[in-house]
Amino acid sequence: MHKMTPSSAASALAMSLALAFPVHADAGKTAVVQEAPLRAHLSFLASDLLEGRGTGQRGGDLTVAYLETQAMALGLKPGNGDSFRQSVKIAGVKTQPAESTLKLEAGGKALDIAFGKDWVFAPGDATAAHSFNADLVFVGYGITAPDEQWNDFKGMDLKGKVLVMMVNDPQPTAEQPNRFNGKGLTYYGRWTYKFEEAKRQGAAGVLLIHTTPTASYGWSVIQNSWSGVERFQLAAGTLGTPLQGWMTEDTARALFKAAGQDLDALRAAAEKKDFKPVPLAARLNGEMKAAVRNIEQFNVAAVVPGTDPKLKDEVVIYSAHWDHLGKQGDGGDTIFNGAVVNASGSAALLAMAAEAKRVPAKRSQMFLWVAAEEQGLLGSAAYAASPLWPMAKTAANLNLDSLNFVGATRDIGTEGSERTELGKLAETAAKAMGMRIAAAEPDLAGGYFRSDHFNFAKHGVPAFSIESGRDYIKDPVAAQAKAQAYGKRYHQASDEYDPGWDLSGMVQTAQYTLNLGRLIANGAKLPEWKAGDAFAVPRNK
């Protein structure tokens, strides 16, 4: 637990405010990110006083107030008219399994399965009660992908059905080694896409079949996210199907056997383009109950206006999510401080904004702290649905999440930039800082689709997240070990700020991001997606 006494908290806040306008020996036109304000912001945002910055919790409200007042202190302009806040309406949903009577039936009897251990479910439409008496249909991967000439539904009417799907993508073959991005995961493979597609098909619900290889994480991750905890979803706009859920592979195997089907045979068939949906002799019956509450969270948006009379109408957006997991549990350390995830990115944006204000660019620059990323990219989705700046005039989104707390590197991660003209600019910015772009690795877990930049990409804005490099300058063996050891603290109460951290890598990442943003902001034209990219169509309309 990262403790902070009232007096030290006041000192940190006072220091943070005082450092909002750092004194520079260089009075020229170079924007240099300062470590002192970054460290001060990081220390405060990750302190116990903000209680882990949880969605729908007091700590989240305090975080928004802090970011808002810091933006005022920096002299930034409000991003939403005369307000720094953008409302994000969210529904909190907690399944009540003891009050629910849902059961899977096949072969004339209900399966003997338990919520949490064998399957999980929740409403996807923020509704407290639902009754089901619906047929189950196996739809393979549940994908409609015109760019791959793939359609798992083949025109079948699936309204009112419960769709059983596999996660991940159809796998590459010897004849088609690059289909669905080969070994890398596409958005079609993400569980979020599966739920969205089920809604488009008019289904009453969807149950995903979990395996550790296809999901890239074990069943315990599903249990921790779905069983006994409050889940969040947007309360406005396009809602999901009445039921969303997962089942273990063993549960799916038992279900298919009771329905007279062979799970392995059907999964093999689903690897081929000619697969057609298979109705199962099985049903979902009973009532699902959930506790539902509506809350209001906020994105925080602040702007440095551009200096060019024409280009100032266009904007470069730097983003980071301010939320973490908040307070959880009843005993021990209940505060999930989220120092790396993502107090680091939020603090970096504040330090960058101070320099952007001191040395503005031709285009405007927006600093956007989004809500509820940990709940499914909800804040950035809300922004994309009602953007504060026209998407057509948004040059790029550069996102920061989990900055380098280990030490400076010779490389920097820019995966996703290669899909757009930002790739060349990313190389230029790295070279100017004596760095190189880190070698790309297969995106096996679909990382590009799991950060806030993705909601901008879906709306045609060139976007990616800037990540730490891996080639550490100082004591590389020890540095690598330190970076890898963080995996045990990820999303745990132990992700706490350490005053002894070497923040040179964090400052380096922030500086690189600002430098790249300024290249875009001072460029002659808006960057474009590469021809043929799946996200190029919306921007070019």
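The values are calculated or read from the model by the stated rules, or taken from the named source; none is laboratory data. Treat the numbers as computed from the prediction; the structure is a model and nothing was measured. Positions of Cβ are backbone-derived with ideal geometry, glycine not excepted, and every protein chain shown enters the neighbour counts.
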Hey, could you check the range 238-281 for residues that are out of contact with any Phe, Trp or Tyr (no Cβ under 8 Å at 6 or more places or on another chain), of a type in the set (A, V, I, L, M) and at pLDDT 95 or above and say which is farthest from ASN133 (Cα to Cα)?
-> ALA268
Which listed residue, of GLU105, GLU148, GLU99, is of a type in the set (Asp, Glu) and closer than 30 Å to GLY60 by Cβ = GLU99
Residues of the range 226-248 being surrounded by fewer than 15 Cβ atoms within 10 Å (Cβ to Cβ) and closer than 21 Å to LEU163 by Cβ, in sequence order, are THR238
Do you know which residues across the range 250-270 are surrounded by fewer than 16 Cβ atoms within 10 Å (Cβ to Cβ) and in contact (Cβ under 8 Å) with a residue 40 or more places away in the chain?
-> ASP250, GLY260, ALA269
Determine if the range 121-133 includes at least one residue that is out of contact with any Leu (no Cβ under 6 Å at 6 or more places or on another chain), under 16 Å from LYS194 (Cα atoms), surrounded by 14 or more Cβ atoms within 10 Å (Cβ to Cβ) and of a type in the set (Asp, Glu).
-> no
Give the residues of the range 55-103 that are part of a loop (DSSP other than H, G, I, E, B), farther than 30 Å from ASN285 by Cα and not charged (D, E, K, R), sorted by residue number.
-> THR55, GLY56, GLN57, GLY75, LEU76, GLY79, GLY81, PHE84
Before we move on, is VAL32 more than 30 Å from LEU284 (Cα to Cα), modelled with pLDDT of 95 or more, in a loop (DSSP other than H, G, I, E, B) and not charged (D, E, K, R)?
-> yes
Residue pairs within 9 Å by beta carbon, gap of at least six or interchain, first lying in the range 110-130 and not assigned by TED's automatic domain parsing to the domain that holds PHE232, second part of a strand (DSSP E or B), listed first then second, are none
Hits in the range 118-134 - residues which are touching a Phe, Trp or Tyr at 6+ places or on another chain (Cβ under 9 Å) and either closer than 30 Å to VAL370 by Cβ or part of a loop (DSSP other than H, G, I, E, B) (or both) | VAL120, PHE121, ALA122, GLY124
Could you please let me know if VAL461 is hydrophobic (A, V, I, L, M, F, W, C), modelled with pLDDT of 95 or more and within 22 Å of the chain's Cα centre (by Cα)?
-> yes
Counted residues, the range 452-478 - those being under 27 Å from LEU325 (Cβ atoms) and outside any loop (DSSP other than H, G, I, E, B) = 11
